[in-house]
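Here's the structure, in structure tokens; my notes come after.
Where a number appears in this text, it was derived from the coordinates with a stated rule and is not lab data. These figures come from a predicted structure and were not determined experimentally. Glycine gets a Cβ as well: all are built from the backbone with ideal geometry, and neighbour counts include every protein chain shown.
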Number of protein chains: 2
Amino acid sequence: MQEVIQLRKGVPASANQASILDKLRKLVLSGEYPPGAPLPELFLADQFEVSRTPVREALKQLENEGLVEIRPKVGTFVRIPTRREIVELFQLKESLEGLAASLLARRGTVPELDILKRNIEESERAERRADAATYAELVHEFHWTIVKGSDNSKLAEHYGRLMNQLAYHRIVLETVERPARMRASIREHQSVVDALMEKDPVGAELAMRGHVSASSLAAARGADTGNAAGEKTQA
Amino acid sequence: MQEVIQLRKGVPASANQASILDKLRKLVLSGEYPPGAPLPELFLADQFEVSRTPVREALKQLENEGLVEIRPKVGTFVRIPTRREIVELFQLKESLEGLAASLLARRGTVPELDILKRNIEESERAERRADAATYAELVHEFHWTIVKGSDNSKLAEHYGRLMNQLAYHRIVLETVERPARMRASIREHQSVVDALMEKDPVGAELAMRGHVSASSLAAARGADTGNAAGEKTQA
DNA sequence: CGTAGGTTTGATGCATGCAAGAAGTCATTC
DNA sequence: GAATGACTTCTTGCATGCATCAAACCTACG
């Protein structure tokens with residue numbers, strides 16, 4: 001992963017600008033460039049073997065996504081998220097996922113149901129063998145399946161933006177999710193699926209919101225003990 | 001309105017790039033450039049008396065906001081929204097405003113309550129003298145007061161993006177809001193405020209969602225009879 | 001008359017040069 | 001020694017030129 005492909009000079013190393021944006025986003029989200037780190041255009045341009053222009057456009061986009069901060073005439077820096085923002089984002093997450101579950105329930109019998117059921121089964125297996133990595137991946141898929149299944153592209157769009165901003169804290173969150181929350185979390189997933197099977201929009205929304213809320217609280221507790229990701233990386 | 005200010009050559013007509021973005025956004029939202037209209041960089045650069053670069057960056061941002069569509073190597077066009085998107089956006093609106101009302105109620109006694117009460121009084125006066133323009137403005141303020149009052153900047157951010165996309169349809173929506181909805185809408189606003197006064201998050205959320213939902217349905221009915229804004233402006 | 005192919009046009013994508021501004025540095029002065 | 005001031009440096013902001021590509025057009029041929 002992250003393999004740098006070297007092409008002969010003269011040929012643009014990246015297929016297009018979208019590619020640069022993706023790479024940059026990954027580098028930020030993965031923590032390669034930690035919060036507070038400077039992102040000089042010229043440096044990045046050299047890295048990607050392009051000129052400043054496409055890098056500049058990518059940075060603008062990342063600023064728009066809330067991942068970096070552009071201080072005019074000074075420079076671009078990886079954004080340092082505050083605790084407050086995390087809380088705000090979780091509140092939004094709860095609302096959006098609740099809506100997604102509700103919409104999915106209203107759609108009635110859908111193929112997503114089988115996917116979700118299988119997801120729970122796999123999650124249980126991952127939990128039994130204490131496979132935290134797989135488990136985290138499954139949780140991720142579970143939530144995205146519901147959001148995508150809501151059949152509301154605008155919702156998915158906003159949700160994606162939100163999750164990108166929360167991704168900063170993945171390290172904190174996933175570790176927190178592990179110990180005691182796993183079993184409870186699976187039960188909550190199950191109750192969401194139950195409501196979906198009954199085609200009960202209100203029940204599905206409530207179950208989903210309860211689940212997200214519980215996860216958020218656990219994450220918040222974790223963020224209080226373990227320091228939030230990259231607090232104060234710059235002077 | 002829309003007066004083009006001519007400045008002497010050499011002095012940038014716009015203070016900075018943010019200014020260009022705002023102007024462009026206004027031009028698109030106001031319908032100056034209708035859905036489907038092309039937005040060539042060079043043309044706009046001449047309009048604003050700047051080079052293509054800042055225009056280009058503004059267009060990128062507008063694409064990100066969902067207002068324009070950039071077709072690579074072809075051109076930029078004002079986005080043509082679909083009916084489906086409108087429905088999706090209203091679903092999101094309901095959810096976000098419900099969350100906002102809930103959060104505001106949780107804050108307890110807040111100065112926003114007085115603002116909302118005054119807003120309802122003014123709305124009633126506007127309704128009595130059939131002042132649709134003022135009424136529409138008041139409705140707008142009412143909803144934004146609640147969103148801002150929720151004290152969740154991320155929520156406000158997402159809500160703003162959403163409302164920008166819905167603003168295309170302001171013509172349709174506001175005209176629809178007028179006839180029979182006005183009185184009902186005011187009653188619904190009142191019930192939201194009632195729940196807020198009782199510091200009842202659940203009640204406030206339900207009242208808000210009911211209100212948004214009712215408005216949306218009315219708007220959807222209107223959009224079915226009156227054609228959606230700017231359907232098929234291009235070939 | 002319709003279609004296929006080449007050409008022209010017009011727009012964007014990117015590279016690069018230059019100017020302007022912000023922050024830190026260093027020397028000077030009180 | 002501390003504060004003030006100019007200066008140096010690093011960065012972005014914008015303008016512009018060239019290459020590239022998509023689409024329309026026009027021509028030639030079946």
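Figures for the structure shown
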read-out	value
Charge dipole magnitude, Cβ of K and R +1, D and E -1 - the stretch A:83-225, Cα centre, debye nearest 20	200
Rounded FRET efficiency, nearest 0.05, which uses the C-beta distance separating B:THR82 from A:THR109 and R0 of 35 Å	0.85
Above-threshold pairs, the threshold being 21 Å between Cα atoms, out of B:LYS26/B:LYS117; B:LYS23/B:LYS60; A:LYS60/B:LYS23	B:LYS26/B:LYS117
Rough spin-label spacing in nm, given labels placed 7 Å along Cα→Cβ, for B:GLU157 and B:LEU29	1.8
Amide H partners (placed H, <5 Å) of A:VAL68, local residues excluded	A:GLU63, A:ARG79
Per-residue ³J(HN,Hα) for the stretch A:41-46, Karplus 6.51 cos²θ - 1.76 cosθ + 1.60, θ = phi - 60°, Hz, x for Gly and Pro	4, 5, 4, 5, 4, 5
Label point 7 Å beyond Cα along the C-beta direction, distances from B:PHE43 to other copies (nm, shortest first)	4.1
Net lengthening on full extension, A:ARG183/A:SER19 (0.36 nm per residue, minus Cα-Cα)	55.2 nm
The stretch B:17-78 - charge dipole about Cα centre, Lys and Arg +1 at Cβ, Asp and Glu -1, debye rounded to 20	120
Kirkwood-type radius of the stretch A:6-147, with distances r between different C-alpha atoms, in Å	18.3
Å³ per residue enclosed by the Cα convex hull of the stretch B:83-225	88
Karplus 3J(HN,Hα) series, Hz, for the stretch A:66-78 with 6.51 cos²θ - 1.76 cosθ + 1.60 (x for Gly, Pro)	x, 8, 10, 10, 9, 9, x, 6, 10, x, 10, 9, 5
Ascending list, in nanometres, of distances separating the A:VAL74 label from those of the other copies (7 Å, Cα toward Cβ)	4.1
Solution diffusion estimate, µm²/s, Stokes-Einstein, the stretch B:17-78, Kirkwood Rh from C-alpha pairs, 37 °C, viscosity 0.692 mPa s	292
For the stretch B:145-161, Karplus couplings with θ = phi - 60° (6.51, -1.76, 1.60), whole Hz, Gly/Pro x	4, 5, 5, 5, x, 5, 6, 10, 5, 5, 4, 4, 4, 5, 4, x, 4
Label distances, nm, B:SER153 versus same residue in remaining copies, Cβ-directed 7 Å point	3.2
Interchain or long-range residues, amide H under 5 Å from B:ALA37's placed H	B:VAL78
Computed FRET value (nearest 0.05) for B:ARG71 with B:ARG118, which takes r as the C-beta separation and R₀ as 41 Å	0.30
Shielding of A:84-91 by partner chains, average beta-carbon count, 10 Å	4
